[in-house]
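Student: Structure incoming, see below.
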Amino acid sequence: MFLLIFIFKTIHRLSDTVSRMAKLDFGLKPITIRLLHRSPQKEFINGTRREKKDDGFRYALTSWSRFMKSAGIQVGDTVHYSFDEIDQVLSVELVVPHMRRTD
């Protein structure tokens, strides 16, 4: 199990660490998503896709907007999550909303 913290921006892809742990470079496969911070907790399977990047590839979920909406994540939010390499499960543990300015 590996704990990660990520600030969601407009980039819609999996982190390099998760992509490596999921071994997506050996072949695309679905990843189970668990939303532990939601009540009730939710779980669903999401496909992955490959995008060309310079001399290599980067990886993303096929339904990124579904993931963001189901998890209640907005651009700028800080997300605490873990990835279980054995079970291939991405668990969202905490979403900290971005403090938006009210000028």
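All of the numbers you see were taken from the coordinates with simple rules; none came from a lab. Predicted, not measured: the structure shown is a model, and the values here were computed from it. Reconstructed Cβ throughout: ideal geometry from the backbone, glycine too, with neighbour counts over all protein chains shown.
Student: Step by step: first the residues of the range 40-67, then only those that are touching a residue at least 12 places away in the same chain (Cβ under 8 Å) and touching an Asp or Glu at 6+ places or on another chain (Cβ under 9 Å), then the one that is surrounded by the fewest Cβ atoms within 10 Å (Cβ to Cβ). Which residue is that?
Tutor: Phe57
Student: In the range 11-30, how many are surrounded by fewer than 19 Cβ atoms within 10 Å (Cβ to Cβ) and in contact with a Leu (Cβ under 9 Å, 6 or more places away or on another chain)?
Tutor: Count: 4.
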